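Worksheet: the structure to be examined is printed underneath.
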Ligand SMILES: NC(=O)c1ccc[n+]([C@@H]2O[C@H](COP(=O)([O-])OP(=O)(O)OC[C@H]3O[C@@H](n4cnc5c(N)ncnc54)[C@H](OP(=O)(O)O)[C@@H]3O)[C@@H](O)[C@H]2O)c1
């Protein structure tokens, strides 16, 4: 039997890496993107292969629309029967609104919002033909609750809710489901760089009392990609230890 195929964007590190490993463990072949962590991406390819998956890494700056479109075409040639797309790749650039640079705002929008749209466009046709598909956007608790010093990042993560719901409406009749996961604070390079005082402040607001692990997100994404969630579409699933309810 043919193995199912999944695309995970930004899987050289962090949450995307855990998601790709989870799919490999579930029997998927995995295509994934990264921007610059070449060595980690090659290592990751090997790790996925040891789990029995056919795996391939694609280096691309997803903020570059033309480069991303070309890469999605290469992925389609290599993985023609994709049934899961996880739009995970993202960046954070923090700063007070008063001094925030316009070019940083654009970079956040191009990476966190437009890239997910372009990647989704690329998988729609094969998913429509197969009458089967699951697209998952990785948003953030910050898109739900906002945060001082993160207005542009929060804006990009909220934008994904509109995209998720609109695509869910547009594609539902073709049996393509579209959902978003809103992680709270998860232990990755992105949160590693937070000052100790901020980390302590965050912890005090989390009822469960600890930061999440990338695998906590990966398991929920796997659920949203599986038939167990067949009647769930257009939803935002919070995975945040209770930080925001
Ligand atoms: N960590 C958290 O607490 C948290 C909370 C809520 C939401 N999130 C969201 O979860 C997602 C993953 O976060 P993370 O913490 O795992 O981040 P991370 O550790 O910084 O990893 C980001 C991944 O995305 C890739 N990437 C970033 N920009 C890219 C670009 N322009 N083109 C292609 N690939 C790109 C990176 O590739 P390289 O390795 O090559 O740079 C890397 O694989 C993001 O969308 C983030 O906003 C994270």
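Bear in mind that the values in this text are calculations on the coordinates, not laboratory data. Being a predicted model, the structure only gives us computed values, none of them experimental. Note that each Cβ is placed from the backbone with ideal geometry, even for glycine, and that neighbours are counted across all protein chains shown.
Which angle between 0 and 90 degrees, to the nearest 10, do you get for helix 65-78 versus the longest principal axis of the chain when only C-alpha atoms count? The two axes meet at around 40 degrees.
Run lengths n ≥ 4 of DSSP H only: what is the helix-derived mean residue ellipticity at 222 nm for the chain, with -39500 (n - 2.57) per run over all residues, to the nearest 500? Roughly -14000 deg cm²/dmol at 222 nm, from the helical runs in the chain. Using a Gaussian network model of the chain in which every pair of alpha carbons under 10 angstrom is joined by a spring, one finds that among 192, 215, 38 the greatest mean-square fluctuation is at 192. Using the alpha carbons alone, the radius of gyration of the range 1-132 stands to its Kirkwood radius in an Rg to Rh ratio of 1.01.
Three principal axis extents of the chain based on alpha-carbon atoms, in descending order, are 52, 37, 34 Å. Ordered by the number of other Cβ atoms lying within 10 Å of each residue's own Cβ, fewest first, 113, 86 fall into the sequence 113, 86. Bridge orientation summary for the chain: considering DSSP beta bridges with both residues in this region, about 0 percent are antiparallel.
Please rank 32, 223, fewest neighbouring Cβ atoms within 10 Å first, as an exposure proxy.
223, 32
Centre-to-centre separation between the Cα atoms of the range 118-137 and those of the range 172-191: 15 Å. Between 51, 101, 165, which gets the highest mean-square fluctuation from a Gaussian network model of the chain, Cα cutoff 10 Å? Sorting by GNM fluctuation, first place goes to 101.
Select from 195, 152, 80 the residue whose mean-square fluctuation is largest in a Gaussian network model of the chain (Cα-Cα springs shorter than 10 Å). Residue with maximal mean-square fluctuation among 195, 152, 80: 195. Angle check, please: helix 115-130 long axis (alpha carbons) against the longest principal axis of the chain (alpha carbons), in degrees 0 to 90, nearest 10. Helix 115-130 and the main axis of the chain meet at about 30 degrees. Compared with the dominant principal axis of the Cα atoms in the chain, helix 214-225 is inclined by about 40°.
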